[in-house]
Amino acid sequence: MFSERLKRLSPYVPGEQPQDKTYIKLNTNENPYPPSPEIRDLLRDFSIERLRLYPDPQSKVLCQTIAKAHNVDVEQVFVGNGSDEVLSFVFYAFFDSAMGKLLFPEFTYSFYPVYCDYYGIDYKKIQLNDDYSLSTEGFLNETSCGIIFPNPNAPTGILFPIKKIEQLMKKYPKDRVVVIDEAYIDFGGESAIGLISRFKNLLVARTYSKSMSLAGLRLGYAIGDEKLINALVAAKDSFNSYPVDTLTQKIGEVAIKDSAYYEKINGKIIKTREFLTSELKSLGWEVLPSTANFIFMRKKGLPGKEIYLTLKKNGLLVRYFDIDGIKDFVRITIGQQEDVETLLGKIKKLDTG
Ligand code: PMP
């Protein structure tokens, strides 16, 4: 009844979305502020008659709007149903074990090995430095079919500086694709989009889920050379021609234009992150330097699972990874200032037992 392919899968496990009670949810890196208020006006004026027809399969106007926002050509933009789906097309289109293994960091977004299993791509995890930062040498010492990593990395939150990306691109073979997953770049990092005109094998993946506060919408995109984008379109059109529905296309246009609003809310998140980091440090916690909307932290003598369970009992959801090497950490999404103050109160109690 079930294919061998299916039996081999080990699916991604998303963070909890509990329905039983109300938690302060700091576990899935959602934005704590509402999406652009312009979306409300759009929804009020949206004619349901438009839903009678299929969406534009190319999402042309949305791609044009995204292109304008990033100062690139429309031919350099690809959109999909969340960046997870964009990444799925990326893995299908560019990574092939016949050319070598796919490389990604040892601690990173746990969907990458899942896609590898799904598409039968061999991979190798590249060790991080002792301070959990990414090592360029690790990526260059192997024969590989490509590289992918989030920048800043998840769950560490650590940024790989743009200068180092440039150095990596200069040394890496031009016929292999490097994908920078910029899910969290708007919380203080510098985007690699500025490098795509120089490096035709560089692809940048983005999402509306985090900095644009639209995780429930399911919209993501990729920016890269036209040839890479055409390959993604071929993969998409062999799977689902209409991954982005009409309403999502319209909301995506309105949201990305409202950069003033998003700079404001993301600025608040950055401020709260810095506040939380310095408070935790003064309480003796080790907090990795984050440019994301989450922090990765630990304290000697407190296993990650225990921190997670105690906070959950106290109505706060955070993320803990049952993975050797990071079991003593928890990842905490930056919430609104009052959420973070509640969290700090509970953490102080955790310390004193
Ligand atoms: N990349 C990274 C590094 C992520 O953490 C996430 C969120 N889980 C995604 C991509 C996927 O985001 P989405 O599918 O919501 O666009």
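If you stretched the chain out fully between GLU16 and GLU75, how much longer would it get, using 0.36 nm times the residue separation minus the C-alpha to C-alpha distance?
Working: separation 59, 0.36 × 59 = 21.24 nm, distance 3.71 nm.
Gain in length upon complete extension: 17.5 nm.
Choose one answer from GLN167, GLN249, GLN19: the residue with the largest mean-square fluctuation in a GNM of the chain with alpha-carbon springs under 10 Å.
Looking only at GLN167, GLN249, GLN19, the biggest GNM fluctuation is shown by GLN19.
Would you grab the residues whose amide H sits under 5 Å from the one on ASP181? Only those 5+ places off in sequence or on another chain, please, with H modelled 1.01 Å from N.
Those qualifying (amide H under 5 Å, at least 5 residues apart or on another chain) are PHE149, ASN151, ALA205.
Taking H placed 1.01 Å from N in the peptide plane, check which residues at least 5 places from PHE160 or on another chain put their amide H under 5 Å from its amide H.
Hits under the 5 Å cutoff: ASN153.
Sort the following peptides by mean Cβ neighbour count (other Cβ atoms within 10 Å, averaged over residues), highest first: 142-150, 238-246, 91-99, 207-215.
Numbers: 142-150: 21.2, 238-246: 16.1, 91-99: 18.4, 207-215: 23.0.
Highest to lowest by the protection proxy: 207-215, 142-150, 91-99, 238-246.
³J(HN,Hα) across segment 136-152 via Karplus (A = 6.51, B = -1.76, C = 1.60, θ = phi - 60°), whole Hz, x for Gly/Pro?
Using θ = phi - 60°, the values come out as 5, 4, x, 7, 9, 8, 10, 7, 9, 9, x, 9, 9, 7, x, 9, x Hz.
Beta carbons within 10 angstrom, averaged per residue: use that to sort the peptides 129-137, 37-45, highest first. Show your work: numbers first, answer last.
Numbers: 129-137: 14.3, 37-45: 12.2.
Listed from highest to lowest mean packing, they are 129-137, 37-45.
Counting other C-beta atoms within 10 Å, and keeping those with at most 13, which DSSP coil trypsin sites (Lys or Arg not before Pro) do you find in segment 271-308? Walk me through the numbers before you get to the answer.
Values: sites: LYS271, ARG273, LYS281, ARG298, LYS299, LYS300, LYS305; in loops: LYS300.
Those satisfying the criteria are LYS300.
Would you list VAL77, VAL233, VAL179 from fewest to most Cβ contacts within 10 Å?
Values: VAL77 25, VAL233 16, VAL179 28.
Least crowded to most crowded, the residues run VAL233, VAL77, VAL179.
Report for segment 37-258 the percent antiparallel among DSSP-assigned beta bridges with both residues inside it, nearest 5. Don't jump to the answer; show the numbers that get you there.
Details: 9 of 25 bridges.
Of all bridge pairs located within segment 37-258, approximately 35 percent are antiparallel.
Output the relative contact order of the chain, whole-number percent, from Cα pairs under 8 angstrom with separation of 6+ residues. Display every interim value, and only then the final one.
Working: 617 pairs, mean separation 82.5, N = 353.
Computed value for the chain: 23 percent relative contact order.
Would you please put 250-256, 113-119 in order of how densely packed they are, using the mean number of other Cβ atoms within 10 angstrom per residue and starting with the highest?
Values: 250-256: 21.6, 113-119: 17.4.
Taking the mean over residues of other Cβ atoms within 10 Å, the ranking is 250-256, 113-119.
Can you list the HN-Hα couplings for segment 226-234, worked out from phi with the Karplus curve (6.51, -1.76, 1.60; θ = phi - 60°), rounded to whole Hz and with x for Gly and Pro?
Once rounded to whole Hz, the list reads 3, 5, 5, 5, 4, 5, 5, 5, 4.
For segment 142-187, what's the radius of gyration and Dmax over Cα atoms, in angstrom?
My reading of the Cα-based Rg and Dmax gives 11.2, 33 Å.
Between ARG52 and GLU274, 0.36 nm times their residue separation minus their Cα-Cα distance comes to what?
Numbers: separation 222, 0.36 × 222 = 79.92 nm, distance 4.75 nm.
Separation in residues times 0.36 nm, less the Cα-Cα distance, equals 75.2 nm.
For SER110 and LEU42, calculate 0.36 nm times their separation in residues minus their Cα-Cα distance, and state this gained length in nm to one decimal.
On the way: separation 68, 0.36 × 68 = 24.48 nm, distance 3.51 nm.
Result: 21.0 nm gained on full extension.
In whole Hz and in residue order, list the ³J(HN,Hα) couplings for segment 83-94 that follow from phi through the Karplus curve 6.51 cos²θ - 1.76 cosθ + 1.60, θ = phi - 60°; x for Gly and Pro.
Calculated HN-Hα couplings, in order: 6, 4, 5, 4, 5, 4, 5, 4, 4, 5, 7, 10 Hz.
Report Rg (one decimal) and Dmax (nearest whole number) for the chain, counting Cα atoms only, units Å.
20.4, 61
Once amide H atoms are built 1.01 Å from N in the peptide plane, which residues 5 or more positions from GLY146, or in another chain, come under 5 Å H to H?
Those lying under 5 Å, H to H, from GLY146 are LEU103.
Using the Kirkwood radius over C-alpha pairs as Rh, can you work out the diffusion coefficient of segment 21-91 via Stokes-Einstein at 37 °C, viscosity 0.692 mPa s, in µm² per second? Walk me through the intermediate numbers first.
Working: Rh = 15.6 Å.
Approximately 211 µm²/s, per Stokes-Einstein.
Each value in this text was obtained by applying a stated rule to the coordinates, not by laboratory testing. If you're wondering where the values come from, they're calculated on a predicted model, not measured in any experiment. Cβ sites come from the backbone with ideal geometry, for glycine too, and all protein chains shown count toward neighbours.
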